[in-house]
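For reference, the structure is listed below as structure tokens.
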Amino acid sequence: MANTAALSDAALFTKPPSFMNVPRTLDLSGAKAAILGVPFDCGTHAFRIGSRQGPASIREQSQLVRWFESEVADYDIRERLGLVDCGDVALVPSRITEAFEKIEEAAWRIISTGATLVGFGGDGSISVPLVRAAARRWPDLALVHVDSHTDCHPVNEDHPYDAASQFTHAALEQRISPMASYHVGVRGPTFRKGVLDHTRSLGYNIISMRDYMRRGEADVLAELHEVLRGRPVYLSWDMDSFDPSVAPGVCTPTWGGFTAREGLSLLRGLAGLEIVAVDINTVSPPHDVQGMAAHLAAYIAYEALLLLPKRPSEHQR
């Protein structure tokens, strides 16, 4: 038997998993990108609550993500970006305004160092404070929002924050430029009429799933690159953009979505855009099946990280 008394602390104790086992640290001195967990949901759904547990599940499933993608990027992205995991924002989900203030400040402390923020939700409402933080550095921010919903419902004065109005807030607060922003993959029924009209009234562009399938990936990507070339882009990826058959554990599953292959192909097609911040949201572990949605979310995060060295600003360094 080994002499256990001689073992170091590191050989005896483990820490909570980080994303792809990168260092868990707040030292961003050498980091070009950083993970931030946002364990928050507004709790407004009648029965499907649980996305506040999403960041932990994505990190757990990321242990299955391998380090090299020989076909498109044959290098360890963790080393290339000096990737770190800053842990989770300390918050209480029921205190929405206070939580948003803390999320924005935590995100800003990452963004202000020059590192690219990759936020893990949490429900879609986390985009409000994360976009606010990103807009402090990039006032001409454009949005690419991949989702089955536009999340542009009119704001309810009685409870202004929920997971259906975050990009209404972003537009009304002038955090982003709606005319240069896109909601991609929109489909399915809503609880109120006029949602798409309201989204367009704010200035947003909508590419529904029906339009996407009719036009094809290449045509859609060509438009995105033409409009967004040279602009800072905030990428928000809602996991219910995928069909529930491949991502069952999400807040609002909606049939007729992307297959895993289609979604990953779309994401890879964004290479060359100036993506300055990312959030991946709505993984809901209590409703997941063997971690499928969380595992796919971890791959979305990995593929999004692979886009960062391909930004025009990286080529200018």
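The values are calculated or read from the model by the stated rules, or taken from the named source; none is laboratory data. Keep in mind that this is a model prediction, so the values were computed, not measured. Note that we place each Cβ from the backbone using ideal geometry, even for glycine, and neighbour counts take in every protein chain shown. These accessible areas exclude ligands, DNA and RNA; they are computed on the full protein's heavy atoms, side chains included. Shrake-Rupley method; radii C 1.70, N 1.55, O 1.52, S 1.80 Å.
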(request) Return the total of residues in region 70-79 being modelled with pLDDT under 95 and either out of contact with any Phe, Trp or Tyr (no Cβ under 8 Å at 6 or more places or on another chain) or within 24 Å of residue 288 (Cβ to Cβ) (or both). (result) 4
(request) Could you tell me which residue of region 181-202 is surrounded by the most Cβ atoms within 10 Å (Cβ to Cβ), considering only residues that are hydrophobic (A, V, I, L, M, F, W, C) and part of a helix (DSSP H, G or I)? (result) 195
(request) Enumerate the pairs (first residue in region 71-83 and among the β-branched types (Val, Ile, Thr); second residue anywhere and modelled with pLDDT of 95 or more and open to solvent by 100 Å² or more (accessible area, probe 1.4 Å)) with beta-carbon separation below 8 Å, excluding pairs fewer than 6 apart on the same chain, so at least 6 apart or on different chains. (result) 72/268
(request) Scan region 238-252 for residues that are in contact with a Pro (Cβ under 9 Å, 6 or more places away or on another chain) and either among the hydroxyl-bearing types (Ser, Thr, Tyr) or without any contact (Cβ under 8 Å) to a residue 24 or more places away in the chain (or both) and jot them down. (result) 243, 244
(request) For region 171-194, enumerate the residues that are modelled with pLDDT of 95 or more and among the β-branched types (Val, Ile, Thr). (result) 176, 184, 186
(message) When the residues of region 270-295 are narrowed to those that are more than 21 Å from residue 32 (Cα to Cα) and open to solvent by 20 Å² or more (accessible area, probe 1.4 Å), which ends up nearest to the chain's Cα centre (by Cα)?
(response) 295
(message) For the structure I just gave you, tell me whether residue 178 is more than 18 Å from the chain's Cα centre (by Cα), without any contact (Cβ under 8 Å) to a residue 60 or more places away in the chain and surrounded by 15 or more Cβ atoms within 10 Å (Cβ to Cβ).
(response) yes
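Does region 218-239 contain any residue that is open to solvent by less than 10 Å² (accessible area, probe 1.4 Å), within 30 Å of residue 290 (Cβ to Cβ) and of a type in the set (Gly, Ala, Ser)?
Taking every residue of region 218-239 in turn, at least one turns out to be open to solvent by less than 10 Å² (accessible area, probe 1.4 Å), within 30 Å of residue 290 (Cβ to Cβ) and of a type in the set (Gly, Ala, Ser).
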(request) Go over the candidates 266, 270, 224, 235 one by one and state the one that is within 26 Å of residue 125 (Cβ to Cβ), in a loop (DSSP other than H, G, I, E, B), among the aliphatic types (A, V, I, L, M) and touching a residue at least 40 places away in the same chain (Cβ under 8 Å). (result) 270
(message) Taking the conditions exactly as written (in contact (Cβ under 8 Å) with a residue 60 or more places away in the chain and polar (S, T, N, Q)), does residue 284 satisfy them or not?
(response) yes
(request) Scan region 101-109 and give yes if some residue there is of a type outside the set (Ser, Thr, Tyr), part of a loop (DSSP other than H, G, I, E, B), open to solvent by less than 40 Å² (accessible area, probe 1.4 Å) and closer than 26 Å to residue 314 by Cβ, otherwise no. (result) no
(request) Restrict the check to region 70-92 and report whether at least one residue is touching a helix residue (DSSP H, G or I) at 6+ places or on another chain (Cβ under 7 Å), open to solvent by 20 Å² or more (accessible area, probe 1.4 Å), assigned to a strand (DSSP E or B) and farther than 21 Å from residue 311 by Cα. (result) yes
(request) Restricting attention to region 20-49, report how many residues are more than 20 Å from residue 129 (Cβ to Cβ) and either open to solvent by less than 90 Å² (accessible area, probe 1.4 Å) or assigned to a loop (DSSP other than H, G, I, E, B) (or both). (result) 12
(request) Among the candidates 256, 263, single out the residue that is at pLDDT 95 or above, open to solvent by less than 30 Å² (accessible area, probe 1.4 Å) and not hydrophobic (A, V, I, L, M, F, W, C). (result) 263
